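The values are calculated or read from the model by the stated rules, or taken from the named source; none is laboratory data. It should be emphasised that the depicted structure is a prediction, and the values quoted were computed from it without experimental measurement. Positions of Cβ are backbone-derived with ideal geometry, glycine not excepted, and every protein chain shown enters the neighbour counts. We work out accessible area using only protein heavy atoms, side chains counted, and drop any ligands, DNA or RNA first. Shrake-Rupley method; radii C 1.70, N 1.55, O 1.52, S 1.80 Å.
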Amino acid sequence: MRARYGVPLGITAVGAAGLVYAAGFEARSFRLRRVTIPVLPSGMRPLRVLQVSDIHMVGGQRKKQRWLRSLAGLRPDFVINTGDNLSDPDGVPEVLDALGPLMEFPGAYVFGSNDYYGPKPRNPARYLLEKVQGRHGLNGNPPVVGAVHNPWEGLRDGFDAAGWQNLTNTRGTLKVEGVSVELTGLDDPHIKRDRYAEVAGGPSGTADFSMGVVHAPYLRVLDSYTADDYPLILAGHTHGGQVCIPFYGALVTNCDLDTDRVKGLSTHTAEGRTAYLHVSAGCGTSRYTPVRFACPPEATLLTLVGREQ
């Protein structure tokens, strides 16, 4: 009896323990990453940028809310929110409350698909299938039918009231102690809301520094930003792969970006130019797959320094 059932029961026990760890511990093990990027013009003072992404707020996530509020203690020069704040139609007040202390700093935001539409139960194996078939989001897949519409307007109004700049297919400029930072943003490419033609042309040349901001790091967007000579692009969306294999890494990115660049700092080259790319692994999960494995939730404090450094 033991010879016949011992191995299957052992595998089941290990799987159950892994699920408890992934959902009960790691998905709530919030941490801050620190990254230095040599991207500013020579002689310019360093800039400290806090990037938050993929919060996917669900009602009652008190630990996540406390952790987000605590990030204000970092006192960044400005904050960039790269979208997917919601995973619950009733989550807007809790997002605004959690980000309230951060909204006292200059900031800007773009939205992701989950700000507009609520998640639906989904077989995780479909992400692997879509990767093999080259289909992601609405890029090659049929339009979503029967989607839950999230109250994104309330989120927008709250951010705008705090003075954060809405970068939905537009440009904005932040003034930080005499330094001007030009931000060029796009709506979410994952659901084909990006309109690069409306912001094309590259940095205006009137700011001290310029960068691109987008939720999902699709290659067409990275190519456009890089070819237009933006030195830095910030994105989220990938969750860092969310469920990764130790010593191997992510299996999927949920877009056409390669898994080697699923999170953290890398570079992107297009038309003979190269930009730095930072992809945040985010601090949340879909409410229907509330697990993370070998990929803890995060925010990132980016210190931008002169290129000579």
What does the helix-only formula give at 222 nm for the chain: each DSSP H stretch with n ≥ 4 adding -39500 (n - 2.57), the total divided by the residues, and the result rounded to the nearest 500 deg cm²/dmol? -6500 deg cm²/dmol
Toy charge model, Lys and Arg Cβ at +1, Asp and Glu Cβ at -1: segment 31-165 dipole around Cα centroid in debye, rounded to 20, equals 760
Projected onto the charge dipole of the chain (unit charges on the beta-carbon of Lys, Arg, Asp and Glu, signs +1, +1, -1, -1), the Cα from 191, 119, 43 with the largest positive-side position is that of 119
Separation of the residue 175 and residue 125 label points, Cα + 7 Å toward Cβ, nm: 5.8
Which FRET efficiency value, to the nearest 0.05, is calculated for residue 144 and residue 309 with the Förster distance at 30 angstrom and r the Cβ-Cβ distance? 0.10
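Mind giving me the FRET efficiency for residue 219 and residue 265? R0 is 22 Å, r the Cβ-Cβ distance, nearest 0.05 is fine.
The calculated FRET efficiency here is 0.80.
Can you give me the Kirkwood hydrodynamic radius for segment 142-234, using every pair of distinct Cα atoms, in Å to one decimal?
Averaging 1/r across every pair of different Cα atoms and inverting gives 14.5 Å.
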Compactness summary of the chain: radius of gyration and Dmax from Cα atoms, Å, are 19.6, 77
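Give, to the nearest whole percent, the P(r) tail of segment 47-192 beyond 19 angstrom, counting all Cα pairs.
Above the 19 Å cut-off, segment 47-192 has 55 percent of its Cα pairs.
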When the chain is treated as a Gaussian network with springs between alpha carbons less than 10 Å apart, the largest mean-square fluctuation among 197, 250, 235 is found at 197
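Using only the Cα atoms, work out Rg/Rh for segment 81-149, with Rh taken as the Kirkwood radius, to two decimals.
In segment 81-149, Rg relative to Rh is 1.07.
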Springs between alpha-carbon pairs under 10 angstrom, Gaussian network model over the chain: which of 81, 141, 150 fluctuates most? 141
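Carbon and sulfur together cover what percent of the accessible area of segment 152-200 at a 1.4 Å probe radius?
The C+S portion of the solvent-accessible surface of segment 152-200 is 44 percent.
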Over segment 208-309, with the other protein chains present, what is the accessible area per residue in square angstrom, probe 1.4 angstrom? 35
Within the set 64/175; 120/263; 63/192; 63/263, which residue pairs have Cα atoms separated by over 27 Å? 64/175; 63/192
Which of 100, 60, 240 moves the most in a Gaussian network model of the chain with Cα springs under 10 Å? 60
Take the Cα of residue 251, step 7 Å along the line toward its Cβ, and report every residue of segment 128-166 whose backbone nitrogen sits under 15 Å from that point. 128-133
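Please compute the per residue accessible area over segment 44-161 with all protein chains in place, 1.4 Å probe, rounded to a whole number of Å².
Result: 42 Å² per residue.
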What accessible area, in Å² to the nearest ten, does a 1.4 Å probe give for residue 82? 0
Range in the chain, longest, excluding exposed chymotrypsin sites (Phe, Trp or Tyr not before Pro) [loop by DSSP; at most 16 other beta-carbon atoms within 10 Å]: 1-246
Compactness of segment 35-84 - radius of gyration and Dmax, Cα, Å: 14.1, 46
What is the chain's relative contact order, in percent, from Cα pairs under 8 angstrom and six or more apart in sequence? 27
